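Enquirer: Before we start, here is the structure in question, set down as structure tokens.
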Amino acid sequence: MSAAPSGAGSALRVVDIGVAFGAGAGLSGVSFDVGAGERFVIVGASGAGKTTLLRAIAGLAPATGRVEVAGRDVSALPPERRDAVYLHQTPVLFPHLSVFENVAFPLRVRQASEASVRGRVREVLAAVRLDGFESRAPRTLSGGQRHRVALARAVAARPAVLLLDEPLAALDPSLRGEVREAIVAAQREYRPALVLVTHDLDEAGLLADRVAVLVDRRIAQVAAPAELFARPASLAAARFLGVANEVAGRVRGDGAFESPLGVLPLEGRGAMAGPAVAVFRPDAVRRVTPPEAGVAVRVVGHRHRAQRTSAVVALAGATLELPVDPLDIPPVGAELRVVVEPRLVTVFPVDAGPPAPT
Amino acid sequence: MTERRPRVAEVGRDPPAAGGPPPNDTIAPSGAEGGTPSSRAAPKVRGPQSPRRLARPFGRAVLVAALALSAVVPFALLALWSVSRQWFYPALLPPELTGESWRAVVGGGAALSRAAVASLVLAALTGALGCALALPVGRALDRLGGWRRHLGAAAAFLPVAAPPVAVGTGLQFFLLTLGLGGTALGVLLAHLVPAVGYLSLYFLGVFSAFDARVEEEARTLGATPLQVLRAVTAPMLRRQIAEAFALGFLISWAQVALTLLVGGGAVRTLPLEVFAYVRSGQDRFAATGALLLAVPPLVALAAVRLAARRTEVVPA
């Protein structure tokens, strides 16, 4: 887990942040670092406090703890002096200003010269493929164009940190791609540390260099997307990530996991000996045909998603999900034999409480 | 449930009876007879108009004309009175005209013109100061939650809802102790009381609909609160601030009771001067003053209408 990998070279350092929101206890003890030019995505369920955390970093919500931007403690500074631009979920453009003046806004408030304003605005508008839109009014733009203007305005400020609050949540799938590409292009061009919050795991996987999982008021895990989805650090994180398959069993004295799935060698990755739960993604389960041995399961249903069709099978009181050929779906009631790839299994002790602070 | 009226009724005809046949002066498309939705939506052909059907637009025209006359006739009479030397019953029109009262106004030396200037200054100051005070109050009320918001709104509403005589009597005692009785400053402060209350409620409504996220985003883009106010909030609320100024102006412009109670007759505003002319039987000057009193509301109405027309325009 890499919540605080560096410190000295960080564009953003969040130390022990606590924020109150809603009627609940709020967030506490949240710490992480984001490197310069890194894309850092925080995922969490709706109402987990993602937006409040982002607003606290921007200085828009009261918080305890420390926020450092480019090595400077900004905890006590107002939003305009934090060098961190915050973008709301839906693009908030100044309706009385043209596209040019919207993008020029952060430069004008810094009293930049007219020549540098013109040059800079043209440059960032070109970066988000909006050259020629300078004189347009915000109300005449499409949703995707508004997002790109907001993004251009944000990078025109040349912030050390760019905070994006679920920028893709309110968009249809085609616009998502457009805005996602604009975010990645602008971030690559201007290299701010990007912190983005979302509840969409697919977006997190597509955008992030590293992903932080916000569960039970804390950061449960910080990891690269591939590692995160393959090796959740806790049962809570695994459940939030929708790892899908859980099988109860026990870890034997020799470190192997014994369950209705059979005996899975864990090669030192297992929990302490005792009752445990194995979690694994659907793609860790594979159908086998004789003579290959496997565990007998019975199909009890199907799940159809845009990118995958799964069969739901029953196994000793539990249900598992495994990918199937969408053109050759085994019918309900069919008996299959399956094996689970031990490399892709993570085992947690049954009494796993909240994950340890990171 | 109310049944949708057929289109034919929209041009001044009666709708067919519910479930009954269509009127015999309309032609329903074949296969859609009887009062079915398709027949109601179908194009109709006009036939001869019955007296009952002609009565409805006539009635509307009479109502509109009565409304227009009730608005125009008093002002037309005032205009005639303002230029009549002597005009008594049963003469339909003034037998002799004079521009004396208007010359007095234009010349600037008369009590009427002095009062008009005093009213203008007081009203402009009330509008401007009222906006400056009520805008932050309205914003603060908007940010309050629950009972605090209701209590604040009720407090703002009190000087608006209470009779001006009651408010003026209380203010008179207070301002006299400050030595401001009978002064223009005292009258201005008195006018500000209902104006700030009214405008605070107005701005509470404005800020309830205002998207404060633009200000947050401006702050994180590097703007100080003052820059946000100057470059974002104020331009976005320009029309609302202008409307609030006009409201504050009109509250002061028409104020009689507070001016009289706090000014004690020493501060002469246009409404007081008109009252004085009416009491003393100087109808020509009273009419001239009354016409002057009507000018700002008419200008405000025209400005609001123009602003509304502008906001209806959606550029391509």
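The values are calculated or read from the model by the stated rules, or taken from the named source; none is laboratory data. The model shown is predicted, which means the values in this text are computed figures rather than measured ones. FYI the Cβ positions are ideal-geometry reconstructions off the backbone, even for glycines, and counts take in every protein chain you see.
Enquirer: Pick from A:171, A:175, A:207, A:201: which is in the same structural domain as residue A:74 (by TED's automatic domain parsing) and buried (at least 22 other Cβ atoms within 10 Å of the Cβ)?
Expert: Working: A:171 fails: buried (at least 22 other Cβ atoms within 10 Å of the Cβ); A:175 fails: buried (at least 22 other Cβ atoms within 10 Å of the Cβ); A:201 fails: buried (at least 22 other Cβ atoms within 10 Å of the Cβ).
The match here is A:207.
Enquirer: Moving to a separate point now. For residue B:135, only one of the following conditions fails: (1) in contact with a helix residue (DSSP H, G or I) (Cβ under 9 Å, 6 or more places away or on another chain); (2) hydrophobic (A, V, I, L, M, F, W, C); (3) at pLDDT below 90. What is its number?
Expert: Single failed check for residue B:135: (3).
Enquirer: Please state which one of A:28, A:46, A:2, A:6 is modelled with pLDDT under 90, outside any loop (DSSP other than H, G, I, E, B) and at negative phi. Lay out the reasoning, then the answer.
Expert: Numbers: A:46 fails: outside any loop (DSSP other than H, G, I, E, B); A:2 fails: outside any loop (DSSP other than H, G, I, E, B); A:6 fails: outside any loop (DSSP other than H, G, I, E, B).
Only one candidate passes the filter, namely A:28.
Enquirer: With A:303, A:298 as the choices, which residue is surrounded by fewer than 18 Cβ atoms within 10 Å (Cβ to Cβ) and touching an Asp or Glu at 6+ places or on another chain (Cβ under 6 Å)?
Expert: Numbers: A:303 fails: touching an Asp or Glu at 6+ places or on another chain (Cβ under 6 Å).
It is A:298.
Enquirer: Hey, another quick one. Out of A:201, A:207, which single residue is among the aliphatic types (A, V, I, L, M), at pLDDT 90 or above and farther than 22 Å from residue A:297 by Cβ? Lay out the reasoning, then the answer.
Expert: On the way: A:201 fails: at pLDDT 90 or above.
Among A:201, A:207, only A:207 is among the aliphatic types (A, V, I, L, M), at pLDDT 90 or above and farther than 22 Å from residue A:297 by Cβ.
Enquirer: On to the next question. Considering only region A:279-347, give the strands (runs of 3 or more DSSP E) lying wholly within it that have at least 2 residues that are within 22 Å of residue A:235 (Cβ to Cβ) and out of contact with any Ser or Thr (no Cβ under 9 Å at 6 or more places or on another chain). So that I can check it myself, show each step before the final result.
Expert: Values: elements: A:285-287, A:295-304, A:309-315, A:318-323, A:335-340.
Once the strands (runs of 3 or more DSSP E) in region A:279-347 are filtered for at least 2 residues that are within 22 Å of residue A:235 (Cβ to Cβ) and out of contact with any Ser or Thr (no Cβ under 9 Å at 6 or more places or on another chain), what remains is A:309-315, A:318-323.
Enquirer: Hey, could you check region A:164-187 for residues that are without any contact (Cβ under 8 Å) to a residue 12 or more places away in the chain and assigned to a helix (DSSP H, G or I) and say which is nearest to the other protein chains (Cβ to nearest Cβ)? So that I can check it myself, show each step before the final result.
Expert: Taking region A:164-187 first, the residues without any contact (Cβ under 8 Å) to a residue 12 or more places away in the chain are A:172-174, A:177, A:181.
When the remaining residues are screened for being assigned to a helix (DSSP H, G or I), the result is A:173-174, A:177, A:181.
Details: A:173: 25, A:174: 25, A:177: 24, A:181: 22 Å.
Per the stated criteria, the residue is A:181.
Conditions (1) over 30 Å from the mean Cα position of the chain (by Cα); (2) within 16 Å of residue A:152 (Cβ to Cβ); (3) assigned by TED's automatic domain parsing to the domain that holds residue A:186, marked per residue:
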| residue | (1), (2), (3) |
| --- | --- |
| A:67 | no, no, yes |
| A:72 | no, no, yes |
| A:87 | no, yes, yes |
| A:92 | no, yes, yes |
| A:96 | yes, no, yes |
| A:107 | yes, yes, yes |
